[in-house]
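Student: Before we start, here is the structure in question, set down as structure tokens.
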């Protein structure tokens, strides 16, 4: 099935609508997604922001949406970058992508874990209403009921988007997140890789021993993201937590 190719590192795609990892590899740009602030975005040989996974050291793999990728801040101002530089020989492997879902997060971890072989995985879950949907022709589309749908801008695409909007509800979205969380936590536990997850944007009191939100700002989904100072403060809190819990 064509759909299965999205779970393969050789054909992994951000989404079929606009951006692909292939188009971002080894590039440096001054705009990304909705941001045209002039911030520097440097993408490595895999098309992700952060250090090259080939760099030697303690590999910190961070996964999430734009809050992890760092929209509106320079390469050295993301929370994952600040944190990795606090850890001796830390390597910042940032797999955050703007607009992505919790489906994307689990798909990314499962696809790339054995390739990057991280020493620690940091997960910043995104809003539960963001989902991934697989279309009749085998494409994967990011979907957000409140903001946008990346579906083909034709009659069928609009019908698909409206239908999914009618079918979506808060309970289903939350359970979808929880299924992803179970998939990730069990997968990483079996692999014996320590992980920490942030639930700031989930709007849930659910927690387990691996949850740590710190004081990351709970910013409404209105395209404002954490400032460099806010990212730095969160990274310091996260580093203290890692150190106190002797996770590394």
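The values are calculated or read from the model by the stated rules, or taken from the named source; none is laboratory data. Values in this document were obtained by computation on a predicted structure and should not be read as measured data. Here the Cβ positions follow ideal geometry from the backbone for every residue, glycine too, while neighbour counts run over all protein chains shown.
Student: Name the one entry in 128, 142 that is touching a helix residue (DSSP H, G or I) at 6+ places or on another chain (Cβ under 9 Å), surrounded by 20 or more Cβ atoms within 10 Å (Cβ to Cβ) and modelled with pLDDT under 85.
Tutor: 142
Student: Taking the conditions exactly as written (under 24 Å from residue 114 (Cα atoms), surrounded by fewer than 18 Cβ atoms within 10 Å (Cβ to Cβ) and at pLDDT below 95), does residue 248 satisfy them or not?
Tutor: For residue 248, the condition - under 24 Å from residue 114 (Cα atoms), surrounded by fewer than 18 Cβ atoms within 10 Å (Cβ to Cβ) and at pLDDT below 95 - is met.
Student: Out of all the residues in the range 85-103, which are at pLDDT below 95 and over 25 Å from residue 233 (Cβ atoms)?
Tutor: 101
Student: Can you tell me which of 10, 56 is in a loop (DSSP other than H, G, I, E, B), surrounded by fewer than 23 Cβ atoms within 10 Å (Cβ to Cβ), at negative phi and without any contact (Cβ under 8 Å) to a residue 24 or more places away in the chain?
Tutor: Residue meeting the stated conditions: 10.
Student: Same structure again: Kindly establish whether residue 123 is in contact with a helix residue (DSSP H, G or I) (Cβ under 8 Å, 6 or more places away or on another chain), closer than 29 Å to residue 235 by Cβ, in a helix (DSSP H, G or I) and at pLDDT 80 or above.
Tutor: Numbers: in contact with a helix residue (DSSP H, G or I) (Cβ under 8 Å, 6 or more places away or on another chain): yes; closer than 29 Å to residue 235 by Cβ: yes; in a helix (DSSP H, G or I): no; at pLDDT 80 or above: yes.
No, not satisfied.
Student: Can you name the residue in the range 145-156 that is under 25 Å from residue 4 (Cβ atoms), out of contact with any helix residue (DSSP H, G or I) (no Cβ under 7 Å at 6 or more places or on another chain) and at pLDDT below 75 and is also surrounded by the most Cβ atoms within 10 Å (Cβ to Cβ) among such residues? Let's see the steps before the verdict.
Tutor: Keep residues of the range 145-156 that are under 25 Å from residue 4 (Cβ atoms), which gives 149-152, 156.
Now drop any that are not out of contact with any helix residue (DSSP H, G or I) (no Cβ under 7 Å at 6 or more places or on another chain), which leaves 150, 152, 156.
Filter once more, keeping what is at pLDDT below 75: 150, 152.
Numbers: 150: 20, 152: 17.
The qualifying residue surrounded by the most Cβ atoms within 10 Å (Cβ to Cβ) is 150.
Student: Follow-up. Looking at this structure, is residue 42 in a loop (DSSP other than H, G, I, E, B) and touching a residue at least 12 places away in the same chain (Cβ under 8 Å)?
Tutor: So residue 42 fails the test.
Student: Out of 210, 186, which single residue is free of Cβ contacts under 8 Å to residues at least 12 places away in the same chain and either surrounded by 18 or more Cβ atoms within 10 Å (Cβ to Cβ) or over 17 Å from residue 65 (Cα atoms) (or both)?
Tutor: Being free of Cβ contacts under 8 Å to residues at least 12 places away in the same chain and either surrounded by 18 or more Cβ atoms within 10 Å (Cβ to Cβ) or over 17 Å from residue 65 (Cα atoms) (or both) holds for just one of 210, 186, which is 186.
Student: Can you tell me which residue in the range 73-95 is surrounded by the most Cβ atoms within 10 Å (Cβ to Cβ), limited to those that are within 12 Å of residue 248 (Cβ to Cβ) and touching a helix residue (DSSP H, G or I) at 6+ places or on another chain (Cβ under 8 Å)?
Tutor: Here the residue is 83.
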